[in-house]
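Undergrad: The structure is given below, and queries will be raised subsequently.
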Ligand code: COS
């Protein structure tokens, strides 16, 4: 880590301890999202890390972003994910936007004053994202959106929605991307989903009922929306890997600490070789995933990490987090299954990492397709 990265980690540790940890249990139980916590991350300069300075970003890289997300996720995967998704949307807006769009939409997001959400999935199109049905009909002075989006992270608390909707015929080439601001007539939200994990982060359905937006809210060109969304997800899959990594590191810490402190058969649990092997496996899996995040983020910063590596990073880090958190609960035994210790929350929070931003089965589809391209003569 360079000096700046070390400084970031130190700042976040302090922020975690003072601002996030005191509310963790209560907010998980009550499903409370605190905007002031997100704004606090913004005040530390963390809400627009890879964005350029002219729109208020920190002009740093994805490597730095991943280090930040990993650190936040050691305390709270939900806040790390809120930041990960908001940054993913900002990055893709920055890449495809007109100058007016960059200056209009990005500064409130890079400062952390506001949050961005990504609206791709629908009730009938999850993994098969290219079959989405929400429509955007072109009219004289803009577009009219109709349809619904499901499982949208930060819906209701976000102010900027990147919405993929159909402007053309069937298939991926008929999809376009739009920026929709909170408060637009016809933009509505469903009830908050009751979830197994990530309970602090609100997830809602988003509806568009004759929701009219101006022409200049189209991002990129008509028909580019699917590729733009996939490009965003390529980067998002690396940062999701970083969030899963931080969560797993916390689970290992909890497991080792507990094993060192608890005695059975007149010795610390840690002294039993069976447990040492489990903990060593957890550590080895974590370090392998950390290398993947580092490689993928560095390659992204150097110009693009490619689908195979981005999907591998997401697949391995999130499967690892599920395994490590499950094992952490096992190490703690009975108390690990109760909310007296954080490992049960970590295990619940780990599960959805295997589902979001493309299920891990979809990551395997992407990897296999890349293999076919590489080796088919
Ligand atoms: N990065 C860049 N471009 C991509 C891409 C990626 N990861 N995946 C697809 N594309 C491009 C393709 O290259 C193709 O472009 P061309 O027409 O120029 O060749 C275009 O997008 C269509 O791709 P493809 O034909 O592969 O589309 P499919 O309908 O077969 O779908 C999958 C591909 C399954 C990979 C895609 O639908 C997917 O990722 N699904 C999961 C969706 C998801 O992650 N949802 C989570 C939402 S956020 S919680």
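Undergrad: Could you order peptides 326-337, 244-255 by the average number of other Cβ atoms within 10 Å of their residues, highest first? Walk me through the numbers on the way to the answer.
TA: Values: 326-337: 18.7, 244-255: 26.2.
By packing density, highest mean first, the sequence is 244-255, 326-337.
Undergrad: Another question, then. Report D for region 3-110 in µm² per second (integer): Stokes-Einstein, Kirkwood Rh on Cα pairs, 37 °C, 0.692 mPa s.
TA: Stokes-Einstein gives a translational diffusion coefficient of 230 µm²/s.
Undergrad: Additional query: Would you mind checking the tilt of helix 3-15 against the longest principal axis of the Cα atoms of the chain, expressed as 0 to 90 degrees and rounded to 10?
TA: On a 0 to 90 degree scale, this one is about 80.
Undergrad: Report, in degrees rounded to the nearest 10, the 0 to 90 angle that the Cα long axis of helix 77-96 makes with the longest principal axis of the chain.
TA: Rounded to the nearest ten degrees, it is 30.
Undergrad: Given the options 361, 267, 276, state which has the largest fluctuation in a GNM of the chain using a 10 Å cut-off (strictly under) for Cα springs.
TA: Among 361, 267, 276, the largest GNM mean-square fluctuation belongs to 267.
Undergrad: If you count, for each residue, the other Cβ atoms within 10 Å and average over each peptide, how do 187-195, 101-109, 300-308, 57-65 line up from highest to lowest?
TA: The packing order, highest mean first, is 57-65, 101-109, 300-308, 187-195.
Undergrad: Go ahead and run the numbers for FRET between residue 335 and residue 188, Cβ-Cβ distance against an R0 of 35 Å, rounding to 0.05.
TA: 0.20
Undergrad: Contour minus end-to-end for residue 113 and residue 323, with contour as 0.36 nm per residue of separation and end-to-end as the Cα-Cα distance?
TA: 72.0 nm
Undergrad: Mind running the shape call on region 227-375? Use the C-alpha gyration tensor, a ≥ b ≥ c as the square roots of the eigenvalues: rounded below 1.5 for a/c, prolate if a/b tops b/c, oblate otherwise.
TA: Note, shape of region 227-375 comes out prolate.
Undergrad: Here's another thing I want to ask about it. Share of Cα-Cα pairs in the chain beyond 37 Å, in percent?
TA: 19 percent
Undergrad: Helix-only mean residue ellipticity at 222 nm, the chain, DSSP H runs n ≥ 4 weighted -39,500 (n - 2.57), per residue, nearest 500. What is it?
TA: Rounded to the nearest 500, it is -16500 deg cm²/dmol.
Undergrad: Just to confirm my numbers, what's the Cα centroid distance between region 235-295 and region 78-102 in Å?
TA: 31 Å
Undergrad: Using a 7 Å offset from Cα along Cα-Cβ at residue 139, what residues in region 176-208 end up with backbone N under 15 Å from the label point?
TA: Taking a point 7 Å out along Cα→Cβ of residue 139, the residues of region 176-208 whose backbone N falls under 15 Å are 184-187, 208.
Undergrad: When a/c reaches 1.5 or more, the comparison of a/b and b/c decides; with that in mind, is region 113-180 rounded, prolate or oblate per its Cα gyration tensor? Can you show the working numbers first?
TA: On the way: a/c = 2.32, a/b = 1.22, b/c = 1.91.
It comes out oblate by the Cα gyration axes.
Undergrad: Can you give the angle from 0 to 90° between the axis of helix 225-261 and the longest principal axis of the chain, with both taken from C-alpha atoms, to the nearest 10?
TA: 20 degrees
Undergrad: Based on the Cβ-Cβ distance from residue 365 to residue 14, what FRET efficiency comes out when R0 is 30 Å, to the nearest 0.05?
TA: 0.15
Undergrad: I want to verify a result. In a Gaussian network model of the chain, Cα cutoff 10 Å, which of these has the top mean-square fluctuation: 111, 127, 91?
TA: 127
Undergrad: Something else now. Hey, can you rank 66-78, 169-181 by average C-beta count inside 10 Å, highest first?
TA: My ranking of the peptides, most packed first, is 66-78, 169-181.
Undergrad: Additional query: Run the numbers for residue 131 and residue 100: contour at 0.36 nm per residue of separation, minus the present Cα-Cα distance, in nm.
TA: 8.1 nm
None of the figures in this text is laboratory data; all of them are computed from the coordinates on show. These numbers were taken from a predicted model, which means no experiment stands behind them. Every residue, glycine among them, receives a Cβ derived from its backbone with ideal geometry; neighbour counts consider all protein chains shown.
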